[in-house]
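These notes are about the structure you will find just below.
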Amino acid sequence: MIKRQSLRVAYGDALVELGRKNERLVVLDADLAHATMTNTFAAEFPDRFFNFGIAEANMVCAAAGFAHAGLLPFFSTFALFGAGRGYEMIRNSISYIQLNVKFGLSHSGLSVGEDGGSHQSFEDISLMRGLPGMTIFVPCDPYETRKAVFAAAEINGPVYIRVGRPIVDTITAPDTPFIPGKANVMREGEDVCIMATGLMISYALAAAEQLAAQNIRAAVVNFHTIKPIDAECVLNMANRCGGVVTVEEHSIIGGLGSAVAEVMAGNTGAKLRRIGIQDKFGKSGKPQDLFNEYGLTSDNIVYECMELCSAHERR
Amino acid sequence: MNTEVLTEKARHIRGDIVKMLYTAQSGHPGGSLSCVEILLSLYYRVANVDAQNPKMENRDRIVLSKGHACPALYAVLADKGYFPRSDLWRLRQIDSHLQGHPDNTKTPGVDVNTGSLGQGMSVAMGIAIAARHQKAQYRVFTIIGDGETQEGLIWEAAMAAAHYKLDNFTVILDYNGLQIDGSNDEVMGIRDIVKKFEAFGFECYKVDGHDVDAITEVLQKPVVGRPKFVCCLTAKGRGVSFMEDKFGWHGKAPAEIEYLDAMKELGIDIND
């Protein structure tokens, strides 16, 4: 039973476990194996680990070449350098022909902390979500990370797995279902629905507790898959609760909030509020201080939920 | 295949290229006409490929990184029998498998989708690493353009190819000296390109890119422990005098009168 672990460690361990079962699996990294934790895979399978140096564009195309040749490449670096710098290579050499390449990109979002805005990727989901046929997983804890890696290997096509750096509490169980494209309702409620993803799930659950103390029953849904978005769940919960708050450690432009808004537009009368990075770049600081300053807190979730509920009552 | 037959093929392939572009009223004549002998040497003499079995496991891979020159590739593939020659006249049309830039999911015989410059060579390099990892015997050839070497990705891929000692990997440069906006020297000088590849760790050769025997000879030379680079000196628009060495013919389709003149000069009957 894992209590606390960084998702990048869970990612590295999952690669090793999967690598033992599938000898087609190869791992590519760009001089960050000790940060993305693919070094555990490199230690066990040195001949199936390829370092491409600090040259991410080439590594994307190399991964495409590996897939053309029938291997199962897992591509690892920081989210900004993979999805950001590698974007057009991912689009044309991989996504365009639905090649079987998996991206396990770490150090996403504000939780990168001290390295600052140049390294904090708030746009990676947005970039990947615009690519037809791209599956996007944002796991919330070590167990989900492992399941995301195994699920990615089962999908025939490109998959983006977004993991963060911090050590987090385990909030799901080894046997919690992980079905790609199917959101998990983690807490039932009728007054408002908090739709969250990744590291923000634990904040959403804490917020729901606080709301319960004020007699507001908030549902919490875990969107571990951003694409394809579980549209049925979005509409069911929106119609049942009348108000939705999305929460993500990503820009509100192009991420979970946008995906939910696209489903809700024209299909429900429910109201929507989006918590995330409000069209800003990041900066250096301790992750928790940054979360507070950028509004990624359970208090802020509580506030937005109560605003929605009072608007609902006024109506 | 002997030189005479191959030279005759080159003339017909050029006729097909001009006819395709005229029919489509769109596409890239200059860089297609410059790489005809490179493609013919590969497909008819050097590479282990089988038109009847386009996905043959141990086939040599040919990646046209300068994907805009695909009319030349399509004409050669049709001539080899990968698909009917009549398909060529549907180039770039809405219901055609012959896309404006190569797409391996649509066209039999195309190994890798290309078009966004720099990426084809890099993907080809990845295939070469994978081939060695899998202990496969096939080789990987990629054809790049001179303007394309301005892409940083080319040099990332070159560095990795030498680092991984890919002696199953050959980069062929179609060096016609021109790109869309003018000569390489005017747009962004690539200086001594052979020395650059040498410095990156390639075994380098320089040949007349319209001499099928010369191209064949260097492509067949074995190398050990390092990738190969073949600089093919070519003329953009080769074979059609009014297109030759004119950068204006990079991405322009011929009008009717130009089409008729070109076919006449090539000695090809337009109804052939």
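The values are calculated or read from the model by the stated rules, or taken from the named source; none is laboratory data. Keep in mind that what you see is a predicted model, and the values were worked out from it rather than measured. Here Cβ is always computed from backbone atoms with ideal geometry, including for glycine, and neighbour counts include all displayed protein chains.
Table: residues versus (1) under 20 Å from B:Ala157 (Cα atoms); (2) out of contact with any strand residue (DSSP E or B) (no Cβ under 8 Å at 6 or more places or on another chain).
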| position | (1), (2) |
| --- | --- |
| A:Arg48 | yes, no |
| A:Gly53 | yes, yes |
| A:Gly65 | yes, yes |
| A:Asn100 | no, no |
| A:Phe103 | yes, no |
| A:Glu114 | no, yes |
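Of all residues in region A:155-164, which are surrounded by fewer than 22 Cβ atoms within 10 Å (Cβ to Cβ) and either farther than 13 Å from A:Thr225 by Cβ or at pLDDT below 95 (or both)?
Our first condition is that a residue be surrounded by fewer than 22 Cβ atoms within 10 Å (Cβ to Cβ); within region A:155-164, this holds for A:155-157.
If the condition is that a residue be surrounded by fewer than 22 Cβ atoms within 10 Å (Cβ to Cβ) and either farther than 13 Å from A:Thr225 by Cβ or at pLDDT below 95 (or both), then A:Asn156, A:Gly157 are the ones that fit.
Taking the conditions exactly as written (under 20 Å from A:Pro158 (Cβ atoms) and of a type in the set (A, V, I, L, M, F, W, C)), does A:Ala14 satisfy them or not?
Judged against the criteria, A:Ala14 is a match.
Of all the strands (runs of 3 or more DSSP E) wholly in region B:135-214, which have at least 3 residues that are within 14 Å of chain A (Cβ to nearest Cβ), touching a helix residue (DSSP H, G or I) at 6+ places or on another chain (Cβ under 7 Å) and in contact (Cβ under 8 Å) with a residue 40 or more places away in the chain? Steps first, answer last, please.
Details: elements: B:140-145, B:169-175, B:203-208.
Strands (runs of 3 or more DSSP E) meeting the threshold: B:140-145.
Which of the following residues is at pLDDT 95 or above, among the hydroxyl-bearing types (Ser, Thr, Tyr) and closer than 27 Å to B:Ile127 by Cβ: B:Ser34, B:Ser26? Don't jump to the end; show me each part of the working.
Details: B:Ser26 fails: closer than 27 Å to B:Ile127 by Cβ.
The match here is B:Ser34.
For region A:145-184, how many residues meet the condition of being touching a Gly at 6+ places or on another chain (Cβ under 9 Å) and not β-branched (Val, Ile, Thr)?
Residues in region A:145-184 being touching a Gly at 6+ places or on another chain (Cβ under 9 Å) and not β-branched (Val, Ile, Thr): 9 in total.
It is to be established whether one or more residues within region A:10-17 are within 9 Å of chain B (Cβ to nearest Cβ) and charged (D, E, K, R). If you could, list the steps in order and put the result at the bottom.
Within region A:10-17, the first condition is being within 9 Å of chain B (Cβ to nearest Cβ), and the residues that meet it are none.
Among the residues of region A:10-17, not one is within 9 Å of chain B (Cβ to nearest Cβ) and charged (D, E, K, R), which makes the answer no.
Can A:Ala63 be described as within 11 Å of chain B (Cβ to nearest Cβ), under 17 Å from A:Asp124 (Cβ atoms) and either of a type outside the set (A, V, I, L, M, F, W, C) or free of Cβ contacts under 8 Å to residues at least 60 places away in the same chain (or both)?
yes
Just for region B:169-203: of the residues that are surrounded by 15 or more Cβ atoms within 10 Å (Cβ to Cβ) and touching a Cys at 6+ places or on another chain (Cβ under 7 Å), which one is nearest to B:Gln150 (Cα to Cα)?
Step by step, filter region B:169-203, then rank; the result is B:Ile193.
All but one of (1) under 14 Å from the mean Cα position of the chain (by Cα); (2) buried (at least 24 other Cβ atoms within 10 Å of the Cβ) hold for A:Glu123, so report the exception by its number.
(2)
Of everything in region A:21-54 that's more than 10 Å from chain B (Cβ to nearest Cβ) and at positive phi, which residue is nearest to the chain's Cα centre (by Cα)? Steps first, please.
Step one: filter region A:21-54 for residues more than 10 Å from chain B (Cβ to nearest Cβ), giving A:21-23, A:25, A:27, A:29-46, A:49.
Next, from what is left, pick out any that are at positive phi: A:31, A:37.
Details: A:Asp31: 23, A:Met37: 17 Å.
Among those that are more than 10 Å from chain B (Cβ to nearest Cβ) and at positive phi, it is A:Met37.
Which residues, taken from region A:24-41, are surrounded by 24 or more Cβ atoms within 10 Å (Cβ to Cβ) and assigned to a helix (DSSP H, G or I)?
Across region A:24-41, the qualifying residues are A:Thr36, A:Phe41.
Within the group A:Phe66, A:Phe103, A:Phe74, A:Phe78, which residue is within 21 Å of B:Phe141 (Cβ to Cβ) and buried (at least 24 other Cβ atoms within 10 Å of the Cβ)?
Details: A:Phe103 fails: within 21 Å of B:Phe141 (Cβ to Cβ); A:Phe74 fails: within 21 Å of B:Phe141 (Cβ to Cβ); A:Phe78 fails: within 21 Å of B:Phe141 (Cβ to Cβ).
From the options A:Phe66, A:Phe103, A:Phe74, A:Phe78, the qualifying one is A:Phe66.
For region A:66-79, which positions are in a helix (DSSP H, G or I) and facing chain B (nearest Cβ under 7 Å)?
Our first condition is that a residue be in a helix (DSSP H, G or I); within region A:66-79, this holds for A:66-68, A:79.
Once the filter is applied, which keeps residues that are in a helix (DSSP H, G or I) and facing chain B (nearest Cβ under 7 Å), region A:66-79 yields A:Phe66, A:His68.
Can you give me the number of residues within region A:80-131 that are acidic (Asp, Glu) and either within 14 Å of another protein chain (Cβ to nearest Cβ) or part of a loop (DSSP other than H, G, I, E, B) (or both)?
We begin by selecting, within region A:80-131, every residue acidic (Asp, Glu); these are A:88, A:114-115, A:123-124.
Then keep just the ones that are either within 14 Å of another protein chain (Cβ to nearest Cβ) or part of a loop (DSSP other than H, G, I, E, B) (or both); that gives A:88, A:123.
Residues that pass the stated criteria total 2.
Does region A:42-61 contain any residue that is under 20 Å from A:Ile277 (Cβ atoms) and crowded, with 23+ Cβ neighbours inside 10 Å?
Keep residues of region A:42-61 that are under 20 Å from A:Ile277 (Cβ atoms), which gives none.
No.
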